[in-house]
Amino acid sequence: MNRLGLYCSRCSARLPFRYHEMKCACGGTLLVDYDLELMTRTLTKEALQSRYPSMWRYRELLPVSTPDCIITLGEGWTPLVRMQEWEKKLPIKQLWIKREEQNPTGSFKARGFSVAVSLLKESGATKAAVPSNGNAAGALAAYAGRAGIEASVFIPLDCPPLIVEECPLYGAATYLVDGFIHDAAAIIEAGKQEQGWVNVGTLKEPGRVEGKKTMGLELAEQLGWTFPDVIIYPTGGGSGIIGMWKAYQELKAMGWIDGPMPRFVCVQEEDCQPIVKGIVAHGQAECAQAAREASPTGMRVPNPPDLAFILAIVEQSGGTAIALSKSQIAEATRTLGSQGISSSPEGSATWAGMLTLCDSGWLRPSDSVVLFNTSHAMKYANFASNSRLPIIRSYKDYIQYHSPQS
Ligand SMILES: Cc1ncc(COP(=O)(O)O)c(C=O)c1O
């Protein structure tokens with residue numbers, strides 16, 4: 001088995017592997033440690049070429065040790081589309097879009113939940129819960145359904161109705177929360193012991209970061225074992241940035257890539273931009289005020305669980321963070337649509353961010369740039385209604401809703 005244990009991204013402590021914990025005593029985030037030396041002796045780039053086009057082609061770099069426990073719906077190996085026409089108009093060398101909306105469940109969240117739910121199965125867990133702005137809820141619902149695990153998902157009331165409505169279709173107990181994602185998380189923390197839920201929220205267990213790591217592994221393989229100069233990624237809780245940073249570290253340690261780390265650019269919406277504010281304040285992690293005006297997208301995470309870690313990655317890579325207005329994001333959706341690409345507001349924000357960074361001269365004429373379209377536009381269409389689902393504010397409301405009198 002390649003999985004050695006866990007290590008702390010802050011204090012470097014090493015611990016035995018744990019399924020349901022990702023916080024070190026020092027407050028840092030625990031990450032999965034692998035025997036990379038063994039990997040370089042047993043796995044080759046050539047061997048990978050003949051493998052099935054799925055993120056599980058990197059199974060040796062994923063933490064599931066029992067193959068029978070792998071829960072897959074065909075996630076990963078998404079297209080990397082080159083935007084040649086735009087390269088001619090923009091002051092950059094190469095522009096690519098990683099089409100993550102083509103994953104099962106219509107978003108990149110499929111990657112993290114394929115691994116997280118496989119680990120749940122391996123650990124013998126029977127119930128899981130997630131706080132989510134929508135896509136993570138849909139992904140947990142789908143993968144847990146396939147694994148025979150009971151899923152409960154808690155989603156802010158104003159999140160896109162189509163994404164919400166899909167969750168009960170996958171068989172998940174679905175609750176609308178009158179609040180933000182951290183209010184949804186508080187309900188799960190309050191009830192997890194009593195209800196037997198494993199909390200699979202951002203950075204609560206090791207699988208989701210590892211699944212998202214495959215975005216970086218795949219990108220490197222699709223680009224002939226190189227990384228682009230710049231990765232622009234719509235950031236909320238930050239597990240995608242952490243995962244891709246980890247992919248770079250592991251491939252570098254294995255000697256499979258050389259060259260500098262890609263400059264990571266986090267894009268957010270103006271009304272909720274804790275990462276942008278942290279970068280401006282030079283790494284001073286500061287939680288944002290609740291973002292009442294912000295659109296209910298995956299970027300709306302006022303308090304990322306390890307903001308300091310995200311800021312350190314962005315700074316270490318020479319990257320930056322940038323906030324876009326709602327109108328810039330809407331315009332970008334139309335531009336990408338006119339190129340045949342259906343992009344969610346999050347994916348569109350990467351395009352708007354790229355344009356802004358071209359205008360400011362931050363992007364250089366020699367740069368190759370990859371944008372992550374993390375979900376597609378259709379999921380955000382507004383023609384359904386969530387109103388049949390229970391609306392709760394607290395764990396007390398949850399109990400009340402389930403009491404025989406209600
Ligand atoms: C479509 C989409 N893009 C981006 C994000 C943010 O991703 P991360 O949590 O990796 O920062 C989310 C999270 O919900 C999302 O649903």
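Read-outs throughout are calculated quantities, based only on the coordinates presented, and are distinct from any laboratory measurement. Bear in mind that the values here come from a model prediction, so they are computed numbers and not experimental data. Counting neighbours? That spans all protein chains shown, and the Cβs are built from the backbone with ideal geometry, glycine included.
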Fill in: Inter-label distance, nm, simple model (7 Å from Cα along the C-beta direction), R82/T42
3.7 nm
Worksheet item: Ranked highest first by the average count of other Cβ atoms within 10 Å around their residues, in what order do 258-265, 97-104, 137-144 fall?
Response: 137-144, 97-104, 258-265
Worksheet item: Using a simple spin-label model with points 7 Å from Cα along the Cα→Cβ vector, what separation in nm is obtained for K93 and K396?
Response: 6.1 nm
Discussion item. For a quick check, take a GNM of the chain with Cα springs below 10 Å and name the residue from K277, K396, K127 with the largest mean-square fluctuation.
Written reply: K396
Worksheet item: Under unit Cβ charges (Lys, Arg +1; Asp, Glu -1), what dipole magnitude, rounded to 20 debye, does the chain have relative to its Cα centre?
Response: 380 debye
Worksheet item: aspartates and glutamates within cross-link reach of K93: Cα-Cα under 16 Å, excluding same-chain residues under 8 positions apart?
Response: E85, D229, D359, D367
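Going by average Cβ density within 10 Å per residue, which order do the peptides 182-188, 207-213 take, highest to lowest?
Answer by packing, highest mean first, reads 207-213, 182-188.
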Response to the item:
Plugging the Cβ-Cβ distance of R364 and Q316 into 1/(1 + (r/R0)^6) at R0 = 22 Å yields, to the nearest 0.05, a FRET efficiency of 0.70
Worksheet entry | Sites E189 and L169, calculated FRET efficiency, Cβ-Cβ separation with R0 25 Å, nearest 0.05 | 0.40
Item to complete: Select from T226, T374, T350 the residue whose mean-square fluctuation is largest in a Gaussian network model of the chain (Cα-Cα springs shorter than 10 Å).
Response: T226
Response to the item:
Straight-line reach check, K127, cutoff 20 Å on alpha carbons, 8 or more apart in-chain or any other chain, hits among lysines -> K109, K192, K204, K396
Fill in: Dipole of segment 323-406 [Lys/Arg +1, Asp/Glu -1 at C-beta], most positive-end residue of V369, S403, S348
S403
Response to the item:
Here the convex hull volume per residue of the chain, taken over Cα atoms and given in Å³, is 133 Å³
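Pairs of Cα atoms under 8 Å, at least six residues apart: use those to get the relative contact order of the chain, whole percent.
18 percent
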Worksheet item: Which aspartates and glutamates have a Cα less than 14 Å from the Cα of K98, not counting those fewer than 8 places away in the same chain?
Response: E75, E218, E221, E346
Practice prompt. Calculate the spin-label point distance for S403 paired with W225, positioning each point 7 Å from the Cα along the beta-carbon direction, and give it in nanometres.
Written response: 6.3 nm
Worksheet item: Roughly speaking, what is the stretch gain from T66 to T356, that is 0.36 nm per residue apart minus the C-alpha to C-alpha distance, in nm to one decimal?
Response: 99.8 nm
Worksheet item: Among A172, A147, A190, which one shows the biggest mean-square fluctuation in a GNM of the chain, springs joining Cα atoms closer than 10 Å?
Response: A190
Worksheet item: Quick one: of the DSSP bridges fully inside the chain, what percent are antiparallel, nearest 5?
Response: 30 percent
